[in-house]
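Q: Mind having a look at this structure? Questions to follow.
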Amino acid sequence: MRLPFFNLFITSPFDELQEHAEKAKECVWAFQQAIECFAAERCKAFEEYLTEVVRLESQADSIKRRIRGHLPVNSRLPVSKFQLFLYLKEQDKVLDSVEDTLDWISYRIMPGIPKELQKDFFLLVDSVIEPIEDLSRMVAEAKKYFETYSDRQRVIVKDIIRNLRKREHEADRLEADLKKKIFAMEDDPISTFHLIRLAENIGSIADHAENAGDMMRAMIARKKSSIFNFRFRE
């Protein structure tokens, strides 16, 4: 009987990938609250939310280094180290983009977001939150696939990846519409530049979540191909 590769190890690298994804998920609340705080102009808790995001991003970096430094040497992993590290890089960029967005806000904490743009900004934030939350579920379901190579499990993972892509396209649309509205306001150049870059930074979060999904899809596709070739040779 052929055993799944993960049975060769005490722990799976996907356990730590999920731990890393959970840090991104934990950032969601602080990130959302920080944006709402910035929009309110007089909110005094922004720095607290930024500090929380920085703390979680630092913890995620520690997990990332642990993954890179402690993968089994000369062992047969269910995916190549190269693919695994590409995936980790994109998942880590989700956290980096969240922190970069709040850092950008901190450079010019006033005057906040104009009231006529607040709903659009909040919709854009909502569109990137779901992809962040889906990363952890995607990694958990992918781990099950690499343990069983079940076609049903593969479909579950691919459905999550399709949702990531759908949400990224929605975020792109909202970002484009928002930037048109910002330019149409004809505000002072500094405010316009700050708001445009803020919209782009928020949108980049969904971009990296989609990229992570694409990396996961590539890992699954490669494994499915290798399983098919193995069975064909049998």
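Q: Just give me the residues in the stretch 147-171 being within 27 Å of residue 200 (Cα to Cα), surrounded by fewer than 17 Cβ atoms within 10 Å (Cβ to Cβ) and either of a type in the set (A, V, I, L, M, F, W, C) or touching a Cys at 6+ places or on another chain (Cβ under 8 Å) (or both), in sequence order.
A: Once the filter is applied, which keeps residues that are within 27 Å of residue 200 (Cα to Cα), surrounded by fewer than 17 Cβ atoms within 10 Å (Cβ to Cβ) and either of a type in the set (A, V, I, L, M, F, W, C) or touching a Cys at 6+ places or on another chain (Cβ under 8 Å) (or both), the stretch 147-171 yields nothing.
Q: While we're looking at this one, here's another question. Does the stretch 31-46 hold any residues that are closer than 26 Å to residue 131 by Cβ and not aliphatic (A, V, I, L, M), and which are they?
A: Taking the stretch 31-46 as the starting set, the residues that turn out to be closer than 26 Å to residue 131 by Cβ are 31-40, 43, 45-46.
Listed by number, the residues that qualify are 31, 32, 33, 36, 37, 38, 43, 46.
Q: Tell me, please, whether a residue that is small (Gly, Ala, Ser), over 17 Å from residue 198 (Cα atoms), at pLDDT below 90 and not in a loop (DSSP other than H, G, I, E, B) can be found in the stretch 66-84. Reasoning before the result, please.
A: Taking the stretch 66-84 first, the residues small (Gly, Ala, Ser) are 69, 75, 80.
Then drop every residue that is not over 17 Å from residue 198 (Cα atoms), which leaves 69, 75, 80.
From the residues that got through so far, the ones that are at pLDDT below 90 too are 69, 75, 80.
Next, only the ones that are not in a loop (DSSP other than H, G, I, E, B) stay: 69.
Checked against the condition, which is being small (Gly, Ala, Ser), over 17 Å from residue 198 (Cα atoms), at pLDDT below 90 and not in a loop (DSSP other than H, G, I, E, B), the stretch 66-84 yields at least one hit.
Q: Select from the stretch 85-113 the residues that are outside any helix (DSSP H, G or I) and at pLDDT 90 or above and write down the one among them that is surrounded by the most Cβ atoms within 10 Å (Cβ to Cβ). Spell out the reasoning first.
A: Quick first cut of the stretch 85-113, residues outside any helix (DSSP H, G or I) only: 107-113.
Subset that is at pLDDT 90 or above: 107, 113.
On the way: 107: 8, 113: 22.
Checking each candidate, the answer is 113.
Q: Right, here's the next one. Would you mind stating whether residue 224 is assigned to a helix (DSSP H, G or I) and at pLDDT 95 or above? Reasoning before the result, please.
A: Working: assigned to a helix (DSSP H, G or I): yes; at pLDDT 95 or above: no.
No; evaluated as a whole, the condition is false for this residue.
Q: Does the stretch 41-56 include one or more residues that are closer than 30 Å to residue 147 by Cα and either surrounded by 14 or more Cβ atoms within 10 Å (Cβ to Cβ) or without any contact (Cβ under 8 Å) to a residue 60 or more places away in the chain (or both)? Give the derivation first.
A: Taking the stretch 41-56 as the starting set, the residues that turn out to be closer than 30 Å to residue 147 by Cα are 56.
Among the residues that remain, those that are also either surrounded by 14 or more Cβ atoms within 10 Å (Cβ to Cβ) or without any contact (Cβ under 8 Å) to a residue 60 or more places away in the chain (or both) are: 56.
Yes.
Here's the yes/no breakdown for (1) out of contact with any helix residue (DSSP H, G or I) (no Cβ under 7 Å at 6 or more places or on another chain); (2) surrounded by 20 or more Cβ atoms within 10 Å (Cβ to Cβ); (3) at pLDDT 95 or above; (4) not in a helix (DSSP H, G or I):
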{"site": "6", "(1), (2), (3), (4)": "no, no, no, no"}
{"site": "10", "(1), (2), (3), (4)": "yes, no, no, yes"}
{"site": "14", "(1), (2), (3), (4)": "no, yes, no, no"}
{"site": "20", "(1), (2), (3), (4)": "no, yes, yes, no"}
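Q: Please state which one of 162, 68, 137, 152 is over 30 Å from residue 40 (Cα atoms), touching a Leu at 6+ places or on another chain (Cβ under 9 Å) and without any contact (Cβ under 8 Å) to a residue 24 or more places away in the chain. Let's see the steps before the verdict.
A: Details: 162 fails: touching a Leu at 6+ places or on another chain (Cβ under 9 Å); 137 fails: touching a Leu at 6+ places or on another chain (Cβ under 9 Å); 152 fails: touching a Leu at 6+ places or on another chain (Cβ under 9 Å).
Step by step, each of 162, 68, 137, 152 is checked, and only 68 is over 30 Å from residue 40 (Cα atoms), touching a Leu at 6+ places or on another chain (Cβ under 9 Å) and without any contact (Cβ under 8 Å) to a residue 24 or more places away in the chain.
The values are calculated or read from the model by the stated rules, or taken from the named source; none is laboratory data. In this text the structure is predicted, and so the values were computed from the model without any measurement. Ideal geometry is used to build each Cβ from the backbone, glycine not excepted, and the neighbour counts take in all protein chains shown.
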